[in-house]
Every structure is written in C-alpha cells, then in structure tokens.
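Student: Sharing a structure, written as structure tokens. Questions coming.
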Ligand SMILES: Cc1cc2nc3c(=O)[nH]c(=O)nc-3n(C[C@H](O)[C@H](O)[C@H](O)COP(=O)(O)OP(=O)(O)OC[C@H]3O[C@@H](n4cnc5c(N)ncnc54)[C@H](O)[C@@H]3O)c2cc1C
C-alpha cells in the first residue's frame with residue numbers, strides 16, 4: 001500500500017495531525033496498535049485547558065489552542081455520529097507558594113493580555129469558601145511526621161476565569177480521527193508499527209507486525225508514551241538533545257463535597273503547596289492528580305508495554321489526604337477509584353514538535369502530561385514543518401514561526417525542537 005503520510009498513533013496528537021494533513025488534500029493512513037482512537041494515554045487525561053506555562057511560546061500555544069477547543073464543532077466542520085466532546089469553562093486557580101510564586105506566568109499573561117486576578121487569602125476565603133488558604137509548604141509524604149502540622153501562613157492565588165476542560169478526552173481524539181476520515185484518511189487499528197523504513201537519509205514507510213509495508217514519503221511519530229521506542233526504531237535518538245521517556249502517574253476520581261461540584265462553579269485548582277491538582281468533573285465528582293513534588297518518587301518506566309495500570313494504595317492515600325488538607329470538607333472515600341497512566345516526559349517538560357535528520361520523518365512527542373490542550377496547534381505545527389521542508393527550508397537552522405489568529409503574535413516552533421537546550425521551566429507537569 002502507498003500513501004502520502006503515515007501517522008503512528010490515533011491519540012489526540014496523532015488525530016490532530018491527521019486532520020490537519022488530510023484537510024489540505026494529503027492521503028493519510030493512521031496506524032494504531034490499540035483498538036480505538038484516543039484509547040492510549042489520551043483516555044486517562046484530565047484534559048485541562050489552562051494557559052500557565054513557564055515560557056512565552058508555550059503560553060501562546062495554549063492560548064491560541066483554547067479558541068479551537070471553545071469552537072470545536074466549527075473547527076472540525078464534521079459532526080461525529082458518536083458524539084462531540086465539549087469544552088466546559090470553570091476558571092483556573094493556582095496557589096502562590098514558595099516553590100511556585102506564579103510571577104513568570106503572571107508577567108507573560110500581562111504581556112499577551114490574558115485576563116487574571118490576584119486573590120488574597122481573604123478574597124479566596126470569600127470566593128471559594130471550601131478551599132483552605134493555609135501554607136503547608138513543602139509538600140510532604142503522609143509518613144512524614146510533619147504532614148499534619150498547622151499551616152505556617154496564608155496563601156494568595158492567581159485566578160484566570162477563562163480556563164476549563166474538555167469533558168471527554170477520548171471522544172475529542174475520536175472527533176479528530178472522524179474528521180480526518182471525512183477528508184479521506186484511513187485508519188488501521190490493532191496494527192503495530194514494528195519498523196521505520198528508510199535508507200538512513202530519506203523515509204520510505206513503515207512495516208507492521210503483520211509484515212505488511214506501507215510505503216510513504218512522510219511518517220509522523222505520534223506514539224505517545226511509546227514515542228521513544230519509535231524514535232529508536234527510526235534511529236534518531238542519537239541526534240536528540242532532549243530525552244523523552246515514559247513516566248507512570250496515577251489519577252483519581254472521588255465524590256465532590258457540596259460546594260465543589262461543577263454546578264457550584266468550582267474552579268480547576270493547581271496546588272503546588274501540597275503537590276496536587278484537581279478539578280470538578282461531571283457527575284458530582286472531582287478529578288485529581290499530582291504535581292511531582294520533590295518528596296514523591298518519580299516512576300520512570302523502561303518499557304511502555306510493561307507497567308501496572310492498577311492504582312497503588314500508598315499513592316492514593318497520599319493524594320486523598322493532601323486534598324483533605326486543602327479542602328477540609330472533602331470526605332476521603334473508603335476505596336480508590338482511579339487509574340495508572342503514562343506521560344511521555346521530556347527533560348524539561350516541554351514537548352517535541354519537530355522534523356529529524358531523516359527526510360520525511362517527523363515527531364510529535366514528549367508531551368509531558370501537559371499537551372492535550374495544545375493538540376490542535378501541534379497538528380498545525382507538524383503540517384507547517386512538512387510544508388517548510390518541502391519548500392527547501394531548514395527548520396533546524398532557521399526555525400519557522402506560526403502567527404496565531406487570536407493574538408497576531410508569532411510562536412517560535414523552534415522552541416519545541418529536539419535539538420534545543422533544556423528550557424528553564426517548573427520541572428513538573430506544569431510545564
Ligand atoms: C493522567 C494524565 C493526565 C493528563 N492531564 C492533562 C491535562 O489536564 N491537560 C493537558 O493538556 N494534558 C494532560 N495530559 C497530557 C495529554 O493527555 C497527553 O499529552 C496526550 O493525550 C498525548 O496524546 P498522544 O496522542 O501523544 O498519545 P496517546 O494518546 O498515548 O496516543 C498514542 C497512540 O500511539 C499508539 N501506538 C504506540 N506505539 C505504536 C506502534 N508501535 N504502532 C502503532 N501504534 C502505536 C498507541 O496505541 C496510542 O493509541 C495528561 C496525561 C495523562 C497521562
């Protein structure tokens with residue numbers, strides 16, 4: 001079989017790339033070893049759409065992508081018979097604590113014109129009475145005798161009113177793949193790519209576990225936590241200045257107390273003071289994850305095909321008790337409800353959207369637990385990288401830019417290069 005483009009991975013990133021490329025008339029084959037679009041790490045995503053990153057390009061990328069999520073049906077132009085994912089606006093509250101004072105992001109928001117407020121402890125108490133304003137820094141493990149210590153002071157917070165989340169991340173990926181198919185893309189589920197075929201300088205296609213070869217002048221690695229395996233198959237790991245590898249995480253769902261349900265206008269909360277993030281979720285629940293505080297061990301995974309999906313009692317207890325500190329009315333449930341999942345984390349928690357030294361081989365990976373929100377622009381960036389290379393442009397030497405329609409400002413796509421020096425970021429999922 002021959003096609004213009006093979007996209008490896010039908011997650012939210014591969015789906016967005018396939019949509020962007022099929023929309024402009026390229027023949028696209030999406031290959032996924034799973035059985036459905038978005039069934040990989042995308043299905044576990046908290047799907048938070050916020051604008052708080054450490055660098056200008058990353059904030060702009062999130063801010064521009066957000067308009068696409070808000071106008072999802074219009075952007076896709078195709079109604080998915082299986083339903084459409086929806087953006088739910090909640091606002092986003094990030095506590096200002098010792099390890100995260102929010103100053104760099106506040107300055108970027110000022111510059112771009114992203115609306116926000118600074119809420120004092122008194123204003124927080126009044127606006128969000130369920131949330132405790134105590135400072136417990138640094139985050140602690142529950143076996144630390146200081147875990148239950150009284151607050152050492154009070155916190156203020158940044159609040160942006162425009163953030164939110166997509167109600168169903170897997171459905172969002174399905175919507176993208178469905179829209180790509182409406183433009184002629186084909187899907188090959190339950191088919192594993194086992195070889196990236198090239199002559200060392202030019203891509204030729206991929207080989208599947210069934211031994212079938214798909215010939216294509218363009219192959220894109222959007223394999224999520226398996227992306228480093230695919231880059232190894234392509235033989236490009238050696239040229240990369242940024243590592244990316246699977247990192248195991250756990251996320252939970254718990255009953256929300258009265259006052260912190262979606263209908264109560266509860267916000268998304270990033271609380272690096274205790275080491276958690278949480279948000280209201282449909283059905284009267286809370287979705288909760290961790291922010292990689294220094295006291296928590298990071299669970300790097302050697303093989304993205306060999307890890308435990310079940311949750312761990314100690315991690316669950318820690319997360320629940322941290323939430324109970326921040327929200328004293330939260331009733332800790334008797335048993336865990338959650339899932340283990342993988343990030344594809346880079347050294348600096350910034351993704352890689354790039355070409356490679358093999359002509360026709362591209363990568364959209366290293367999404368570091370924070371790129372669901374940026375999938376629409378990731379799709380556009382990969383299309384622009386392909387078009388630039390075909391026009392003879394060397395992106396490695398002179399990085400291309402994308403001017404976002406919302407701001408008219410240029411995003412330097414070179415900020416997401418595989419060759420970059422690690423960027424100065426929070427060093428966590430916050431990016
Ligand atoms: C627990 C969790 C919470 C998160 N929360 C947020 C959040 O709140 N906000 C945010 O912006 N981001 C968040 N993220 C990050 C975001 O969800 C991910 O960056 C994004 O979903 C990654 O999408 P993907 O398409 O790259 O990967 P995936 O969805 O994993 O898709 C990759 C696909 O590639 C396929 N594949 C792999 N290897 C092969 C092969 N050899 N052959 C064929 N197919 C292959 C897999 O089957 C898979 O379907 C979170 C991530 C996790 C895990």
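The values are calculated or read from the model by the stated rules, or taken from the named source; none is laboratory data. Computed from a prediction, not measured in an experiment: that's the story for all the values here. Methodologically, a virtual Cβ is constructed for each residue, glycine included, from the backbone with ideal geometry; neighbour enumeration extends over all protein chains shown.
Student: Suppose we filter the range 146-160 for residues that are surrounded by 14 or more Cβ atoms within 10 Å (Cβ to Cβ) and more than 19 Å from residue 269 (Cα to Cα); how many remain? Explain how you work it out, then say what you get.
Tutor: Of the residues in the range 146-160, the ones surrounded by 14 or more Cβ atoms within 10 Å (Cβ to Cβ) are 147, 151, 154-160.
Imposing the further condition that a residue be more than 19 Å from residue 269 (Cα to Cα) reduces the set to 147.
Counting residues in the range 146-160 that are surrounded by 14 or more Cβ atoms within 10 Å (Cβ to Cβ) and more than 19 Å from residue 269 (Cα to Cα) gives 1.
Student: A follow-up question, please. Hand me the list of strands (runs of 3 or more DSSP E) wholly inside the range 201-296 holding 2 or more residues that are within 14 Å of the ligand (Cβ to nearest atom), at negative phi and surrounded by 21 or more Cβ atoms within 10 Å (Cβ to Cβ). Quick ask: steps written out before the conclusion?
Tutor: On the way: elements: 203-208, 213-215, 218-221, 244-255, 268-271, 276-281, 285-290.
Qualifying strands (runs of 3 or more DSSP E): 218-221, 244-255, 268-271, 276-281, 285-290.
Student: Which helices (runs of 4 or more DSSP H) sit wholly inside the range 1-120 and have at least 1 residues that are crowded, with 17+ Cβ neighbours inside 10 Å and near the ligand (Cβ under 9 Å from one of its atoms)?
Tutor: Numbers: elements: 12-23, 56-70, 72-76, 103-112.
Filter on the range 1-120 gives 12-23, 56-70.
Student: Determine whether residue 150 is modelled with pLDDT of 95 or more and away from the ligand (no atom under 16 Å from the Cβ). If you could, list the steps in order and put the result at the bottom.
Tutor: Numbers: modelled with pLDDT of 95 or more: yes; away from the ligand (no atom under 16 Å from the Cβ): yes.
Taking the combined requirement at face value, the residue satisfies it.
Student: To continue, here is another question. Considering every residue within the range 159-166, establish whether at least one is over 30 Å from residue 78 (Cα atoms) and either at pLDDT 95 or above or not assigned by TED's automatic domain parsing to the domain that holds residue 50 (or both).
Tutor: To start, the set of residues in the range 159-166 that are over 30 Å from residue 78 (Cα atoms) comprises 159-160.
Adding the requirement that they be either at pLDDT 95 or above or not assigned by TED's automatic domain parsing to the domain that holds residue 50 (or both) leaves 159-160.
Within the range 159-166, one or more residues are over 30 Å from residue 78 (Cα atoms) and either at pLDDT 95 or above or not assigned by TED's automatic domain parsing to the domain that holds residue 50 (or both).
Student: If residue 111 passes every condition in (1) over 28 Å from residue 211 (Cβ atoms); (2) within 21 Å of the chain's Cα centre (by Cα) but one, which one does it miss?
Tutor: Among (1) over 28 Å from residue 211 (Cβ atoms); (2) within 21 Å of the chain's Cα centre (by Cα), residue 111 violates only (2).
Student: In addition: Suppose we filter the range 98-122 for residues that are under 21 Å from residue 139 (Cβ atoms), in contact (Cβ under 8 Å) with a residue 60 or more places away in the chain and touching a strand residue (DSSP E or B) at 6+ places or on another chain (Cβ under 9 Å); how many remain?
Tutor: Count: 1.
Student: Quick check, is residue 403 more than 9 Å from the ligand (Cβ to nearest atom) and closer than 26 Å to residue 76 by Cα? Before you say what the answer is, go through the steps one by one.
Tutor: Working: more than 9 Å from the ligand (Cβ to nearest atom): yes; closer than 26 Å to residue 76 by Cα: yes.
It is true that residue 403 is more than 9 Å from the ligand (Cβ to nearest atom) and closer than 26 Å to residue 76 by Cα.
Student: If you check 366, 392, 427, which single one turns out to be within 16 Å of the ligand (Cβ to nearest atom) and on the phi > 0 side of the Ramachandran plot?
Tutor: Testing whether each residue is within 16 Å of the ligand (Cβ to nearest atom) and on the phi > 0 side of the Ramachandran plot leaves just 366.
Rundown of residues vs (1) touching a strand residue (DSSP E or B) at 6+ places or on another chain (Cβ under 6 Å); (2) free of Cβ contacts under 8 Å to residues at least 40 places away in the same chain; (3) closer than 22 Å to residue 50 by Cβ; (4) not assigned by TED's automatic domain parsing to the domain that holds residue 20, yes/no style:
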site: 215; (1), (2), (3), (4): yes, no, no, no
site: 226; (1), (2), (3), (4): no, no, no, no
site: 232; (1), (2), (3), (4): no, yes, no, no
site: 273; (1), (2), (3), (4): yes, no, yes, yes
